[in-house]
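Since every read-out is calculated from the coordinates, none of them should be taken as a lab result. Predicted model, so just to flag it, every value in this text is computed and none were measured. In this analysis, Cβ positions are derived from the backbone assuming ideal geometry, glycine residues included, and neighbour counts consider all displayed protein chains.
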Amino acid sequence: MKAVQAKFKKVIATLKPYLLTFIFIFCSFILAFVLCCVFNKPQTAWYKELEKSFLYPPEILFPIIWGIIYLVLIYVCTVSVYKSKRTALIIQVAATLVLFVLWNLFFFTLHSPIFGFLILLAILFLSISIFKVSYKTNKALGWLTVFYMAWLSYLLVLNYFILMIN
């Protein structure tokens, strides 16, 4: 029994730094998610009346894809920060979370597709930086962020179409 307890304590000691980093990053993402939900109002008359691109996906895909992206980013951040001690990655991801909240505010609440476009462009540039930092830590972690950059590029195209058509 003491051997099992010793083994368990060793596992907990190994996971503890990961766990604390994970909890901090997870709470940051939850806060950003809640704030985005406050400003994200796709059911408003303004948004419904917008002309959208033929590339626009069904609404149900947005929360599914964002959920996957958030989980991947949480994993990438947790492992990258713990393994490399690179706080720059945390700052970059925190900046993207703040920008996502601002995008929802400007696009959905203030009805400003132009500022939405500019904010998405800034997020895309930050995501390239996130790719570079995570790739230096671990190539597989870096490649996990490629889907994120592709999704942001797609959103940028959708935002551009809304900006040009309306």
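Compare the Cα positions of PHE131, ILE165, GLN43 along the charge dipole of the chain (+1 at Cβ of Lys, Arg; -1 at Cβ of Asp, Glu; about the Cα centre) and return the one farthest towards the positive end. The listed residue farthest towards the positive side: PHE131. Entry note: the chain has Rg to Rh equal to 1.08, where both radii use alpha-carbon atoms and Rh is the Kirkwood radius.
Compactness of region 70-166 was expressed as the Cα radius of gyration divided by 2.2 N^0.38 Å, which yields 1.14. Taking other C-beta atoms within 10 angstrom as a stand-in for reagent exposure, LEU102, LEU120, LEU61 fall in the order LEU61, LEU102, LEU120, fewest first. The C-alpha atoms of the chain define a longest principal axis, and helix 61-84 lies at about 40 degrees to it.
Across the chain, the relative contact order, built from alpha-carbon pairs under 8 Å that are at least six residues apart, equals 28 percent. Going from the residue with the fewest nearby Cβ atoms within 10 Å to the one with the most, ILE12, ILE74, ILE25 rank ILE12, ILE74, ILE25.
Assuming charge only on the beta carbon of Lys and Arg (+1) and of Asp and Glu (-1), the dipole of the chain about its Cα centre is about 1220 debye to the nearest 20.
Pairs of Lys residues in the chain are counted when their Cα atoms are under 29 angstrom apart and they lie 8 or more places apart or on different chains; the count is 23. Taking 0.36 nm per residue of separation and subtracting the Cα-Cα distance, full extension of the segment from LYS9 to LYS52 would add 9.9 nm. The distance between label points at MET149 and PHE24 comes to 2.6 nm (points 7 Å beyond Cα on the Cα→Cβ vector).
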